[in-house]
1. Please give the number of the condition residue B:3 fails out of (1) among the acidic types (Asp, Glu); (2) within 14 Å of chain A (Cβ to nearest Cβ); (3) exposed (fewer than 13 other Cβ atoms within 10 Å of the Cβ).
2. Of the conditions (1) in a loop (DSSP other than H, G, I, E, B); (2) under 21 Å from residue A:105 (Cα atoms), residue B:53 satisfies every one except a single condition; which number is it?
3. So which residues in the stretch B:60-111 are of a type in the set (Phe, Trp, Tyr) and more than 13 Å from the chain's Cα centre (by Cα)?
4. Scan the stretch A:58-114 for residues that are within 14 Å of another protein chain (Cβ to nearest Cβ), under 14 Å from the mean Cα position of the chain (by Cα) and hydroxyl-bearing (Ser, Thr, Tyr) and report the count.
5. Could you list, in sequence order, the residues of the stretch B:6-33 that are within 12 Å of chain A (Cβ to nearest Cβ) and without any contact (Cβ under 8 Å) to a residue 60 or more places away in the chain?
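FYI, it's all coordinate maths here, none of it is from the lab. From a predicted model like this one, the values you see are computed outputs, not experimental measurements. Cβ: placed from backbone, ideal geometry, glycine included. Neighbour counts: every protein chain shown.
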Amino acid sequence: EAQVTQNPRYLITVTGKKLTVTCSQNMNHEYMSWYRQDPGLGLRQIYYSMNVEVTDKGDVPEGYKVSRKEKRNFPLILESPSPNQTSLYFCASSTRTGGQETQYFGPGTRLLVL
Amino acid sequence: RKEVEQDPGPFNVPEGATVAFNCTYSNSASQSFFWYRQDCRKEPKLLMSVYSSGNEDGRFTAQLNRASQYISLLIRDSKLSDSATYLCVVTTSGGSYIPTFGRGTSLIVHP
């Protein structure tokens, strides 16, 4: 089954404790992205990657890191989480068909930073 | 001013009604347009792409007006299962790839 998986789905942590949210896709997509979704603000892109070893900042990259060592994986790293990073996080992968990108989202990771 | 704007709603309609959502975008270089659907606490899922000539998929019709910089989504014969938040997404072509999402329009279809 074609899918994007994220782990963990739910996470409660404390300020400053490094964490990683994994993202994996099995569709051989080149593009992968991370978003955060907050009430009243909608979805905002954190980082994206157009291919292996190619990453770039989105709208809200501060406080986050990513890596793309393999095509299928795109982990999101919070080196020193803070309470303002409490949010719902989505990973997405994309394919371009006929000039139109179609994004497939993972199920989301709910993060609470105390 | 936000680049992609949507009326947050909620739109509260009875089953069988026709409902339309609009979405305006500010970047005239925008090239690709989409409607996504998001159920409560779930991930967004592509509903349909929006083509310049307009397109239809069953009860759903999407239109693009480049001159006025807006896209629309029309839902005919609303079903209870259409209740969700509808997200407008706009991307620009070129080297960067930062889709811009609207904040979504909430639809509630009641019996």
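1. If we test residue B:3 against (1) among the acidic types (Asp, Glu); (2) within 14 Å of chain A (Cβ to nearest Cβ); (3) exposed (fewer than 13 other Cβ atoms within 10 Å of the Cβ), just (3) comes out false.
2. Just one mismatch for residue B:53, condition (2).
3. Taking the stretch B:60-111 as the starting set, the residues that turn out to be of a type in the set (Phe, Trp, Tyr) are B:60, B:70, B:86, B:97, B:101.
The answer is B:97, and nothing else.
4. Qualifying residue count, the stretch A:58-114: 6.
5. Passing the criteria: only B:33.
Per-residue answers, yes or no, for (1) assigned to a loop (DSSP other than H, G, I, E, B); (2) within 11 Å of chain B (Cβ to nearest Cβ):
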position	(1), (2)
A:6	no, yes
A:15	yes, no
A:24	no, no
A:27	yes, no
A:40	yes, yes
A:49	no, yes
